[in-house]
Amino acid sequence: FFFQAQDGNRAALESRGLGDVYKRQDDYIITWEKGLANKLAKDGQVVLVDFTADWCLTCKLNKFTIFNNKFLNQEIKKGNIKFIQADWTLPDQKILDFLGENARYGIPFNVVYGPKKVNGIVLPEIISVQSLLRVIEQVQK
């Protein structure tokens, strides 16, 4: 759902479509690399890792849930929650290997890391704000 301003400037109006969730948040997304979330957690950070793909509708729903919650969106923008994304839109052997190491062979796959849980806590496939906030609380100092 894209809305266009009368003057033709799309940026003047904010889209509410699921497809725009990625576009509106690009500045806050860290590209996944194995071990990065563990390192950030050991350094005292709370980290949400999202294994996703453009063709994954459940992934888009999860992202919509996260970024349309005012508190979570602000915490990610402020850098209080690091948001790491592993994009599996195209085949990626490193992502496939990591999923396999975690006994997962599909997406969505989301994990929250923090100082109390440097190896992370796996979230359910469909994320609710309440479940995510509960897990964030468990991994914090």
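At a glance:
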quantity	calculated
Kirkwood hydrodynamic radius of the range 52-131, Cα pairs, Å	13.6 Å
Qualifying chymotrypsin sites (Phe, Trp or Tyr not before Pro) for the range 36-141 [loop in DSSP, other Cβ within 10 Å: at most 14]	TRP55, TYR105
Within the range 75-139: Cβ-based charge dipole about Cα centre, in debye rounded to nearest 20 (Lys, Arg +1; Asp, Glu -1)	320 debye
From phi via Karplus (6.51, -1.76, 1.60), per-residue ³J(HN,Hα) for the range 99-112 in Hz, x at Gly/Pro	4, x, 4, 9, 6, 10, 10, x, 10, x, 9, 10, 9, 10
Given LYS63/LYS94; LYS42/LYS78; LYS34/LYS70; LYS78/LYS116, the pairs whose alpha carbons are separated by over 27 Å	LYS34/LYS70
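Throughout, read-outs are computed from the coordinates displayed, never taken from laboratory work. Values in this document were obtained by computation on a predicted structure and should not be read as measured data. Note: ideal-geometry Cβ built from the backbone for every residue, glycine included; neighbour counts use all protein chains shown.
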